[in-house]
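A.B. asks: For reference, the structure I am asking about is given below.
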Amino acid sequence: MKKIAVLTSGGDAPGMNAAIRAVVRTAVFHDMEVLGVFQGYQGLIKGDFKRLHVRSVAKILGRGGTILKSARCMDFHDLEGRKRAHINLVEANIDGLVVIGGNGTFTGAMKFGRETGFPVVGLPGTIDNDLSGSDSTIGFDTAINTVIDAVDKIRDTADSHNRLFFVEVMGRDSGFIALKSGIATGAVAVMTPEMGMSIDDLVAVLHAGEQSNKTSSIVIVAEGDPNGGAYEIAKRVKEKTDTYETRITVLGHLQRGGSPSCFDRVLASRLGVAAVEALRQGHNDVMAGVIDDKIELTPFEIAISTKSRINEDEVRIARILSI
Ligand code: F6P
């Protein structure tokens with residue numbers, strides 16, 4: 001393998017730049033050439049490639065976002081788009097591809113690799129942490145620390161006014177951000193797609209908190225909770241009880257930005273090295289991840305279909321400590 005390409009796709013995540021840097025430097029270390037592909041699969045279809053050198057990735061280790069830009073590309077869902085992407089890779093003499101992203105990215109990579117036989121290795125880059133094959137995804141640690149910082153501030157004002165706050169965090173299909181940050185901020189309740197808490201259960205928990213003299217309460221809501229987002233849940237609680245003075249905060253995209261934490265920088269660096277070395281060893285159709293502090297390669301199909309499960313012990317801890 002003499003020449004590889006790297007791209008970032010889907011929702012950006014802090015640490016993607018650290019991963020790009022690691023991929024580029026590992027490739028150069030092994031005497032390979034690297035091309036950066038701009039705007040994810042869109043750039044693959046358009047042939048938007050640029051040679052990256054060791055110094056092209058200097059001083060990006062601590063920067064949020066992605067220097068290669070990202071996109072959610074509809075054209076890559078079509079066979080025609082994937083064929084065009086393959087032609088561009090072959091014409092540029094590229095021997096292997098590293099994709100950094102989440103579920104959608106790996107679904108595209110899997111189809112593309114199987115249709116064309118082109119070697120593709122993935123790195124888990126998403127704040128959602130909703131992939132199997134890595135204990136943590138790149139960006140998750142930074143995102144939960146951003147949430148903690150915001151919720152601690154909300155707690156100050158909530159407590160000053162004896163208010164109940166509903167704080168909505170990201171996680172379209174998963175509650176990893178909600179659960180971890182709920183434990184770390186002492187939330188009275190955490191609502192996630194996996195935990196299935198009803199509005200009646202929530203009201204009972206709030207009343208119990210009031211009985212035990214809680215002066216302020218924070219409910220963390222994952223955006224994908226089946227009861228609705230924070231606004232909908234707050235409205236439904238209000239219909240059942242008017243005991244609380246409530247406020248709502250939707251943290252939104254601020255969770256995706258910022259300088260990556262030490263954990264995410266190191267994870268991205270380890271996985272960037274692992275992905276390039278996996279390609280060199282002939283691996284294909286796999287995602288590099290860290291499980292129990294060891295690098296593991298997991299087939300894309302498993303990484304995207306066996307969604308990692310919410311930690312039941314953490315669910316229990318959240319419930320016990322919120323009384
Ligand atoms: O996939 C990561 C994620 O941050 C989800 O948690 C969120 O629902 C989604 O991206 C938002 O995507 P967009 O930036 O395209 O609105």
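A.B. asks: Conditions: (1) at pLDDT below 95; (2) at positive phi. Residue 139 meets all but one. Number of the miss?
C.D. replies: (1)
A.B. asks: Could you please find all residues in region 26-35 being touching a helix residue (DSSP H, G or I) at 6+ places or on another chain (Cβ under 6 Å) and surrounded by fewer than 24 Cβ atoms within 10 Å (Cβ to Cβ)?
C.D. replies: 26, 28
A.B. asks: State whether one or more residues within region 113-129 are farther than 30 Å from residue 88 by Cβ and either without any contact (Cβ under 8 Å) to a residue 24 or more places away in the chain or surrounded by 24 or more Cβ atoms within 10 Å (Cβ to Cβ) (or both).
C.D. replies: Yes, region 113-129 has at least one match.
One line per residue, one yes/no per condition, for (1) more than 23 Å from residue 127 (Cα to Cα); (2) in contact (Cβ under 8 Å) with a residue 60 or more places away in the chain:
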{"site": "205", "(1), (2)": "yes, yes"}
{"site": "209", "(1), (2)": "yes, yes"}
{"site": "212", "(1), (2)": "yes, yes"}
{"site": "216", "(1), (2)": "yes, yes"}
{"site": "233", "(1), (2)": "yes, yes"}
{"site": "239", "(1), (2)": "yes, no"}
{"site": "247", "(1), (2)": "yes, yes"}
{"site": "250", "(1), (2)": "no, yes"}
{"site": "260", "(1), (2)": "no, yes"}
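A.B. asks: OK, next. So which residues in region 143-177 are within 15 Å of the ligand (Cβ to nearest atom) and open to solvent by 10 Å² or more (accessible area, probe 1.4 Å)?
C.D. replies: Correct list: 144, 146, 168, 170, 172, 173, 176.
Condition check ((1) within 16 Å of the ligand (Cβ to nearest atom); (2) at pLDDT below 95; (3) of a type in the set (Asp, Glu)) across all residues:
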site: 63; (1), (2), (3): no, no, no
site: 70; (1), (2), (3): yes, no, no
site: 91; (1), (2), (3): no, no, yes
site: 110; (1), (2), (3): no, no, no
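A.B. asks: Any idea which of (1) within 16 Å of the ligand (Cβ to nearest atom); (2) over 22 Å from residue 317 (Cβ atoms) is the one residue 235 doesn't satisfy?
C.D. replies: (1)
A.B. asks: Within region 301-310, is even one residue within 22 Å of residue 144 (Cα to Cα), surrounded by fewer than 18 Cβ atoms within 10 Å (Cβ to Cβ) and more than 16 Å from the ligand (Cβ to nearest atom)?
C.D. replies: yes
A.B. asks: Would you check which residues across region 6-49 are away from the ligand (no atom under 16 Å from the Cβ), among the β-branched types (Val, Ile, Thr) and under 11 Å from residue 99 (Cβ atoms) and list them?
C.D. replies: Those that are away from the ligand (no atom under 16 Å from the Cβ), among the β-branched types (Val, Ile, Thr) and under 11 Å from residue 99 (Cβ atoms): 6, 23, 37.
A.B. asks: Would region 118-133 turn up any residue that is hydroxyl-bearing (Ser, Thr, Tyr), over 12 Å from residue 5 (Cβ atoms), more than 15 Å from the ligand (Cβ to nearest atom) and part of a loop (DSSP other than H, G, I, E, B)?
C.D. replies: Looking for residues that are hydroxyl-bearing (Ser, Thr, Tyr), over 12 Å from residue 5 (Cβ atoms), more than 15 Å from the ligand (Cβ to nearest atom) and part of a loop (DSSP other than H, G, I, E, B), one finds at least one in region 118-133, hence yes.
A.B. asks: While we're here: Are any residues in region 79-112 in contact (Cβ under 8 Å) with a residue 60 or more places away in the chain, open to solvent by 20 Å² or more (accessible area, probe 1.4 Å) and in a helix (DSSP H, G or I), and if so, which ones?
C.D. replies: 103, 104, 107, 110, listed by residue number.
A.B. asks: Is there a residue being under 30 Å from residue 237 (Cα atoms), touching a strand residue (DSSP E or B) at 6+ places or on another chain (Cβ under 9 Å) and either within 16 Å of the ligand (Cβ to nearest atom) or not aromatic (Phe, Trp, Tyr) (or both) anywhere in region 252-259?
C.D. replies: Yes, there is a match, as at least one residue in region 252-259 is under 30 Å from residue 237 (Cα atoms), touching a strand residue (DSSP E or B) at 6+ places or on another chain (Cβ under 9 Å) and either within 16 Å of the ligand (Cβ to nearest atom) or not aromatic (Phe, Trp, Tyr) (or both).
A.B. asks: For region 178-191: of the residues being assigned to a helix (DSSP H, G or I) and crowded, with 24+ Cβ neighbours inside 10 Å, which is farthest from the chain's Cα centre (by Cα)?
C.D. replies: This residue is 182.
A.B. asks: Considering only residues that are more than 15 Å from residue 220 (Cβ to Cβ) and part of a helix (DSSP H, G or I), which ones fall in region 238-253?
C.D. replies: The answer is 238, 239, 240, 253.
The values are calculated or read from the model by the stated rules, or taken from the named source; none is laboratory data. Nothing here was measured: the structure is a model prediction, and the numbers come from that model. Every residue, glycine among them, receives a Cβ derived from its backbone with ideal geometry; neighbour counts consider all protein chains shown. Ligands, DNA and RNA are excluded from the accessible area calculation, which covers all protein heavy atoms including side chains. Shrake-Rupley method; radii C 1.70, N 1.55, O 1.52, S 1.80 Å.
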